[in-house]
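Read the structure below first, then the notes.
Where a number appears in this text, it was derived from the coordinates with a stated rule and is not lab data. All figures in this text were calculated on a predicted structure; none of them were measured in a lab. All Cβ positions, glycine included, derive from the backbone under ideal geometry; neighbour counts span all protein chains shown.
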Amino acid sequence: MSISEQDMARVAELARIRLDDVTVADVTRRIRDILAMIDQMQAVNTDHVQPMANPLDATQRLRDDEITEPDQRERFLAIAPATEDGLYLVPRVIE
């Protein structure tokens, strides 16, 4: 895939980014390099490569699921403008 300086200037205009001619040329060159690297990576034969869920051979450490704060539900419900059966009542938004 090829991208021209005119394409890059148009993208910058659409994104409301002000770029001078030197910057447009530099960004265009860098985008071309990135696209060339992507083309090179897509050319690699991956037929016998197993997909990985995670590139690191590690499992995430999880903390214990324990309550760390006191139950303040009744206190919060008491200061709400309108409640019913333990739920907050709000004005209807959708008809």
| query | Angle, helix 5-14 long axis vs. longest principal axis of the chain, Cα atoms, 0 to 90°, nearest 10? | reply | 20
| request: Identify, among 36, 83, 24, the residue whose Cα sits farthest towards the positive end of the charge dipole of the chain, taking +1 on the Cβ of Lys and Arg and -1 on the Cβ of Asp and Glu, with the dipole about the Cα centre. | output: 24
| task | Find the all-direction average of the projected area of the Cα convex hull for the chain, expressing the result in square nanometres with one decimal place. | result | 16.3
| field | Extended-chain gain in nm, criterion 0.36 nm per residue less alpha-carbon gap, residue 48 and residue 83 | value | 6.6 nm
| request: Starting with the highest mean, order 21-29, 52-60 by the number of other Cβ atoms within 10 Å, averaged over the residues of each peptide. | output: 21-29, 52-60
| field | Helix 21-42 axis, angle to the chain major axis (alpha carbon atoms, nearest 10°) | value | 80
| request: Obtain the nm distance between the two label points defined at residue 38 and residue 12 by a simple spin-label model: each point lies 7 Å from its Cα along the Cα-to-C-beta direction. | output: 2.0
| request: Place a +1 charge on the Cβ of each Lys and Arg in the chain and a -1 charge on the Cβ of each Asp and Glu, then give the dipole magnitude about the Cα centre in debye, rounded to the nearest 20. | output: 340
